[in-house]
Amino acid sequence: MEATIITIMALLFLSFVALGVYVTVKVAKAAKRGVDRTIDQARRTVEDTTLRAKSFGQAGTASELARLRLSLRTSMRATQEALQDGVGEDASLKESLDLFHRLSAHGLELDADLKRLEREPDRAWVAGQLPELAARTERITGSADALRRAARERALKFAEDDLSSLSAQIDVEAGALRHWTSPDATPGTAAGTGNGAADAAAAGGGGQPARPARETGPTAGGEPSAITAPDPRRTAYPWEKSARPETTT
C-alpha cells in the first residue's frame, strides 16, 4: 500500500515537472518570437530611413538605386498587409495571397540585386543596368499594386452592399413603426377606432397614439433592451462583420 502511494506521488511530481518544463519552453519561444519581430521591425525601419536619405541626399546612380529599393519595399509591404488583413474576412483573398507569395520571391531577388549593386565600384556599368532594373521594379510593383487595389475595391464593394441592404431594412422598419392603423381595416373598425380615440381624448389622452411601454429588463427573446449597458466581458464589437463568401455574383 505504501509503495503504491509513493509511486502515485512520484508520478504526480513528474507530471508537474513535465508540465512546468512545457510551459516554460512555450513562454520562452513566444518571448523569442516577440523579440525577433521587434528586431526585424526595427531593422526594416532603419533600412527604409537610410534608403530615403540616400534617395534625397545623393545624386546619380546611388540615388536611383535607393529610390528603386524604397519603391519596391513600400509597395510589397503595403500589399502584404492589405491581403493578410483582408483574408480573415474574405476567404477568396487566400488565392491572391498565394500569388503574392510567388511575387515576393521575385521581389526579394530584385532587392538583393539592387543591394549588391550599391556596393559595385564600377558606377558606369551600374548606370547601364539601371533601365533594366527599373523595368523589373515597375513590373513587380505594378503587379503588387494591382492585387492591393483589387482587394480594397472588393472590400469597399462588400461594405457598400451591406450598407445598401441595411438601409433598405431600416426604411422598411421605420415605415412599419410609423404605420398606426392596418391598411385593410374596415370602415366599422375605423369608426370604432375613431370613437375610441375620441373617448381617450375626452379622458385626457390628448388624441395621441398610445406608446408601447418601455422595457426595463430583458425582452421576451432573452436579449437585453437597447438602454441596457453593454456587457464589459464581451471582447468583440457588436458591429463586427461576418466572414465573406468565397465568390460574389
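The values are calculated or read from the model by the stated rules, or taken from the named source; none is laboratory data. All figures in this text were calculated on a predicted structure; none of them were measured in a lab. Virtual Cβ from ideal backbone geometry, glycine too; neighbours counted across all protein chains shown. For accessibility, only protein heavy atoms count, side chains too; no ligands or nucleic acids. Shrake-Rupley method; radii C 1.70, N 1.55, O 1.52, S 1.80 Å.
Listed values, structure above:
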read-out	value
Any chance Pro121 is out of contact with any helix residue (DSSP H, G or I) (no Cβ under 8 Å at 6 or more places or on another chain), without any contact (Cβ under 8 Å) to a residue 60 or more places away in the chain and in a loop (DSSP other than H, G, I, E, B)	yes
Residue ID - nearest to the chain's Cα centre (by Cα), chosen from residues in the stretch 129-183 that are open to solvent by 60 Å² or more (accessible area, probe 1.4 Å) and of a type in the set (Val, Ile, Thr)	Ile170
Criterion (open to solvent by 80 Å² or more (accessible area, probe 1.4 Å), out of contact with any helix residue (DSSP H, G or I) (no Cβ under 7 Å at 6 or more places or on another chain) and either under 30 Å from Glu153 (Cβ atoms) or in contact (Cβ under 8 Å) with a residue 60 or more places away in the chain (or both)) met by exactly one of Lys32, Lys26, Lys94	Lys94
The stretch 55-72, subset more than 16 Å from Arg116 (Cβ to Cβ) and not aliphatic (A, V, I, L, M), residue most open to solvent (accessible area, probe 1.4 Å)	Phe56
Unique residue being loosely packed, with under 14 Cβ neighbours inside 10 Å, in a helix (DSSP H, G or I) and at pLDDT below 90 when the list is Arg116, Arg44, Arg52, Arg102	Arg44
